[in-house]
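*Asks:* The structure's right below; bear with me while I get my questions together.
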2 protein chains.
Amino acid sequence: MKVLAEIITIGDEILIGQITDTNSQWISKKLNEIGIHVSHKTSVGDSESDIKEALRLAKDRADVIIVTGGLGPTKDDITKKTVCGFFDTSLVLDEGTLEHIKDMFEKKGRTITDLNRNQALIPKNCTPIHNEFGTAPGMWFEEKSKAYAFMPGVPYEMKTMVNDFLSKKLQQTFKTPKIFHRTARTIGIAESNLAIKLDGFEASLPENYKLAYLPKLGAVRLRLSATGNTILEEEFQNYFDQLVANAGKYVFAKDDVDIELVIGDILRSQSKTLAIAESCTGGTVSGKITSIPGASDYFLGSVVSYSNDAKVQLLGVNKSTIQEFGAVSENTAMEMAENVRKKFNSDFGLSTTGIAGPGGGSEQKPVGTVWVGYSDSKKTIAKKLTLAGNRKLNIELTHLSLMKLFWRNLKSCHKA
Amino acid sequence: MKVLAEIITIGDEILIGQITDTNSQWISKKLNEIGIHVSHKTSVGDSESDIKEALRLAKDRADVIIVTGGLGPTKDDITKKTVCGFFDTSLVLDEGTLEHIKDMFEKKGRTITDLNRNQALIPKNCTPIHNEFGTAPGMWFEEKSKAYAFMPGVPYEMKTMVNDFLSKKLQQTFKTPKIFHRTARTIGIAESNLAIKLDGFEASLPENYKLAYLPKLGAVRLRLSATGNTILEEEFQNYFDQLVANAGKYVFAKDDVDIELVIGDILRSQSKTLAIAESCTGGTVSGKITSIPGASDYFLGSVVSYSNDAKVQLLGVNKSTIQEFGAVSENTAMEMAENVRKKFNSDFGLSTTGIAGPGGGSEQKPVGTVWVGYSDSKKTIAKKLTLAGNRKLNIELTHLSLMKLFWRNLKSCHKA
């Protein structure tokens, strides 16, 4: 039997367009992974009657109803009251939740208010869902073979609840068909070319298999999935290996992990170190490298040389190089990568220099002109990019191109 | 009379979480600006019965029904067929649309297919909405004092239709009340405490006013809104000023802008410069500072000193300081902030050093122990944080605390 779900997001801020609802997308993906099919999504405002109507409709057409938002301490949050009305129950104090709230306030050295204390009140017939990072607990209900989960709208609070509690609980409650998913990540090839490469493979897949192309910022995820109780894990792995073999040298990971993690693993396994000189990316590359736990094993540090003075004084780029070729040039990018490597005494040096926009462009070097550099003990190279995005996008694309350049060189070192 | 709208987005790719629906947020904002209140958003898959049910529900509770998606040339797009059923009409060829489609193909040098030609078929009783950038026309219906607009899901096609046609058409069709919105941003005060501070103000608001608290990562947005033809802009501004006065010193912006922008504006107006020494934030602070266009006016650069060696050699932190107090200490944070200021010859220096986690913690200095530092020509200080999030969250919160520390000091310099 197909298990259907409906996601209800609550909040005036969604309806007036002040925030993008990313929660419902994230939840959809999670449910999809455990074989639960989202058939509807609904957003309503902070209105008791609208919330009730949404719940009533959802109950009639779905088996699982997941609600986010409307659980904060202030008075525009009326979800809990509405829920009591809907399930015809009343609020009781949950001691465990109260302890947790007190604990959180104690750790922060803040005084607890009545508003906070009230967050420990939950409907009588629900199971509280622990909120590791916040004071509003989630609520789980089962009634007439339907399941309901209410969670706060704060993304990291909600996500932790889904990962730690909801996914497992739903799998236990509903016996969902087995779904296998595995993602390979590629870089350096466009979706349409990848599709041509994988045409034959796709045609060979059994009916219960599906290959999805998920492009994002020029890099394409390949997600293979298969549904059905009869699938052998071995068979699925076999098809996945074929997928990876067909996609060839563009695959940087056989799991849904970022390239910074893959790079970090290679560096760690080789006991090699990295330093970075950033100009137009302004710290973003280093920030992404250090977003990986344990990055201190291989990342020594960076110099963000936003001004020309900093490039010369902190990185030792030749003044004449900047005068002759400009700060955005192959020579500057190469000197930056090489010098930062020497400065930090690291095995590898990377660099970025360019015009992210919207200002700073010229006819000769328009916005989007960027150089990324790579240096190891044997060679130093730089690559030119011509980007056409806005500031934010240009920074992201520069980062990605630099990672691609680094990964390819690491791989060939690795093999050598 | 309040004009209510419902937005329906169609597409399996939304329900399985493959894409984020940003269309409905954008449309919400646009409708809000012309005084139309979105009361519901619904997403359904490419299923005729689900689309029909969604239209039926929407018709009963809204005056304006806006539908996006399901209008492309491929076969999973069944919206047009469903629409004919819903309005009990049939498809006819629209000559104007056909001309436009032929034109587009000619310009691209492509051959037109039957699939493309079929896109010029539209329901008999609708007004086609011109699609400047695509081949699928939009459709406008009026029936029983309700208005319906169907548009493609491709964001730039849809947006052009709204800007060029729909906004005006809706304003002509419905005589909408005026809506005022303004957001103030606060930092350094919890939602619950802010609610206590603003209790009296909130109680004094006329019935057509609404105050919303929008918390995110410990910083709270305050959004005041008011509806009705009788509101004078002056009256609304007056209430907004009262809101800001009541929220007091925690308000860093009277518009919905980020604190990095506010800080940048202050620095630029004073011709002051900034340099940053980052350890646990690994480049994230610099990345956010440089995400603001024109940051090169005041931001000179950073040193990301992830290793102790880098702290000593690149930033000149005393070896003995690290040995005696540790890299995560008040003294190290202060030396980092002061030395980076001197190194870059900037007016202000900032620093972060801490244990973001998940590894690296000890009993004395558990994960989440962080120091942020501030230095100007007259003083150097550091502040201890005790964070309880995961790695990513701890980095974000460290950044935010540092911005708070910097902004407060900038403000007091500014006044002096």
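*Asks:* Taking beta carbons within 10 Å but only from partner chains, what does the mean come to for residues B:11-20?
*Replies:* 6
*Asks:* Next up: Give a quick list of trypsin sites (Lys or Arg not before Pro) in segment B:171-254 that DSSP marks as loop, anything other than H, G, I, E or B, with at most 16 other Cβ atoms within 10 Å.
*Replies:* B:Lys175, B:Lys178, B:Lys254
*Asks:* Give me the Kirkwood hydrodynamic radius of segment B:1-89 in Å, from all C-alpha pairs, to one decimal place?
*Replies:* 13.5
*Asks:* Let me ask another. How many Cβ atoms of partner chains, on average, are near each residue of A:42-53 if near means within 10 Å of its Cβ?
*Replies:* Mean partner shielding for this stretch: 3.
*Asks:* Amide H of B:Asp46: which non-local residues (sequence gap of 5 or more, or other chain) have their own amide H closer than 5 Å, using H built in the peptide plane?
*Replies:* Correct list: B:Gly11, B:Asp12.
*Asks:* Convex hull volume of the Cα atoms in segment A:331-416, per residue, in Å³?
*Replies:* Measuring per residue, one finds 90 Å³ for the Cα hull of segment A:331-416.
*Asks:* Given the options B:Lys144, B:Lys168, B:Lys81, state which has the largest fluctuation in a GNM of chain B using a 10 Å cut-off (strictly under) for Cα springs.
*Replies:* B:Lys144
*Asks:* Let me ask another. Note the direction-averaged projected area, equal to a quarter of the hull surface, for the Cα convex hull of segment B:115-202, in nm².
*Replies:* Over every viewing direction, the Cα hull of segment B:115-202 projects on average to 10.2 nm².
*Asks:* Can you tell me the FRET efficiency between A:Lys378 and A:Leu91 if r is taken as the Cβ-Cβ distance and R0 is 51 Å, rounded to the nearest 0.05?
*Replies:* 0.15
*Asks:* Label B:Thr111 and A:Ala212 with points 7 Å out from Cα along Cα→Cβ: what is the distance between them in nm?
*Replies:* Calculated label separation equals 3.5 nm.
*Asks:* Only bridges with both residues in the protein assembly as shown count here: give the DSSP antiparallel percent, nearest 5.
*Replies:* Among the beta bridges of the protein assembly as shown, antiparallel pairing accounts for roughly 60 percent.
*Asks:* Among the DSSP beta bridges whose two residues both lie in chain B, what percent are antiparallel, rounded to the nearest 5?
*Replies:* Roughly 60 percent of the DSSP beta bridges within chain B come out antiparallel.
*Asks:* Starting from a label point 7 Å past Cα on the Cβ side, list the distances from A:Gly359 to the same position in the other copies, nm, shortest first.
*Replies:* 4.3
*Asks:* If you don't mind, there's one more thing I want to ask. Suppose R0 equals 45 Å. What FRET efficiency, 1/(1 + (r/R0)^6) with r the Cβ-Cβ distance, do B:Lys342 and A:Arg221 give to the nearest 0.05?
*Replies:* 0.45
*Asks:* Among the listed pairs A:Lys159/B:Lys41; B:Lys288/B:Lys342; B:Lys52/B:Lys178; A:Lys41/A:Lys144; A:Lys146/A:Lys168, which are separated by more than 26 Å between their Cα atoms?
*Replies:* B:Lys52/B:Lys178
*Asks:* To continue, here is another question. For A:Gln242 and A:Asn390, compute 0.36 nm times the residue count separating them, minus their Cα-Cα distance, and round to one decimal in nm.
*Replies:* 49.5 nm
*Asks:* Mind giving me the nanometre distance, one decimal, between the label points for B:Ser167 and A:Lys29, set 7 Å out from Cα along Cα→Cβ?
*Replies:* Inter-label distance under the simple model: 3.2 nm.
*Asks:* Just tell me how shielded A:25-38 is by partners: mean number of partner chain Cβ atoms within 10 Å of each residue's Cβ, no decimals.
*Replies:* Per residue, the number of nearby Cβ atoms from other chains is 3 on average.
*Asks:* Given a Förster distance of 56 Å, report the FRET efficiency between A:Lys319 and A:Asp255 from their Cβ-Cβ distance, rounded to the nearest 0.05.
*Replies:* Computed FRET efficiency for A:Lys319 and A:Asp255 comes out at 0.75.
*Asks:* Let me ask something additional. Provide, in order from the shortest bin, the percent of all Cα-Cα pairs of the protein assembly as shown in each 10 Å bin, continuing until the bin that contains the maximum pair distance.
*Replies:* So the P(r) values, bin by bin, are 2, 11, 19, 23, 23, 15, 5, 1, 0.
*Asks:* May I pose another question? Would you work out the charge dipole size for chain A about its Cα centre, treating the Cβ of every Lys and Arg as +1 and the Cβ of every Asp and Glu as -1, and quote it to the nearest 20 debye?
*Replies:* 1060
*Asks:* Something else now. So what is the 222 nm mean residue ellipticity for the protein assembly as shown from helices alone, if each DSSP H run of at least 4 adds -39500 (n - 2.57) and you divide by all residues, rounding to the nearest 500 deg cm²/dmol?
*Replies:* The per-residue figure over the protein assembly as shown is -12000 deg cm²/dmol.
*Asks:* Find the all-direction average of the projected area of the Cα convex hull for segment A:3-173, expressing the result in square nanometres with one decimal place.
*Replies:* That works out to 9.4 nm², a quarter of the Cα hull's surface.
*Asks:* Too long at a 30 Å Cα-Cα cut-off: which of B:Lys272/B:Lys311; A:Lys392/B:Lys81; A:Lys29/A:Lys392?
*Replies:* A:Lys392/B:Lys81
*Asks:* Cross-link partners among aspartates and glutamates for B:Lys107, C-alpha distance below 18 Å, same-chain residues fewer than 8 apart left out?
*Replies:* B:Glu99, B:Glu132, B:Glu157
*Asks:* How far is B:Thr111 from the same spot in each other copy, in nm, shortest first, if each label point sits 7 Å from Cα toward Cβ?
*Replies:* 8.0
*Asks:* Under a plain spin-label model, where a point goes 7 Å from the Cα along Cα-to-Cβ, how far apart in nm are B:Lys175 and A:Ala195?
*Replies:* So the label points at B:Lys175 and A:Ala195 sit 5.1 nm apart.
*Asks:* Given all pairs of different Cα atoms, what value in angstroms does the Kirkwood hydrodynamic radius of segment B:352-397 take?
*Replies:* One over the average 1/r among Cα pairs gives 11.1 Å for segment B:352-397.
*Asks:* Would you mind listing how long chain B runs along its three principal axes, going by Cα atoms, in whole Å with the largest first?
*Replies:* 84, 56, 42
*Asks:* Just the Cα atoms of segment B:259-415, one point each, no solvent: what log10 I(q)/I(0) does Debye give at q = 0.14, 0.16 Å⁻¹?
*Replies:* The Cα Debye sum returns log10 ratios of -0.61, -0.80.
*Asks:* In what sequence, highest mean first, do B:108-115, B:284-291, A:41-48 appear when ranked by Cβ atoms within 10 angstrom?
*Replies:* B:284-291, A:41-48, B:108-115
*Asks:* For A:Val67, which sequence-distant residues (separation of 5 or more, or a different chain) have an amide H within less than 5 Å of its own amide H, given hydrogens modelled in the peptide plane?
*Replies:* A:Ile8, A:Ala149, A:Phe150, A:Met151
*Asks:* For segment B:137-176, what D do you get in µm² per second when you plug the Kirkwood radius from alpha-carbon pairs into Stokes-Einstein at 4 °C and 1.567 mPa s?
*Replies:* For the chosen part, D equals 121 µm²/s.
*Asks:* Still on this structure: Once Rh is set to the Kirkwood radius over Cα pairs, what Stokes-Einstein translational diffusion coefficient, in µm²/s, holds for segment A:178-253 at a temperature of 37 °C and a viscosity of 0.692 mPa s?
*Replies:* 262
The numbers here are math on the coordinates, done by the rules we state, and not lab data. Source: prediction; values computed, not measured. Note: ideal-geometry Cβ built from the backbone for every residue, glycine included; neighbour counts use all protein chains shown.
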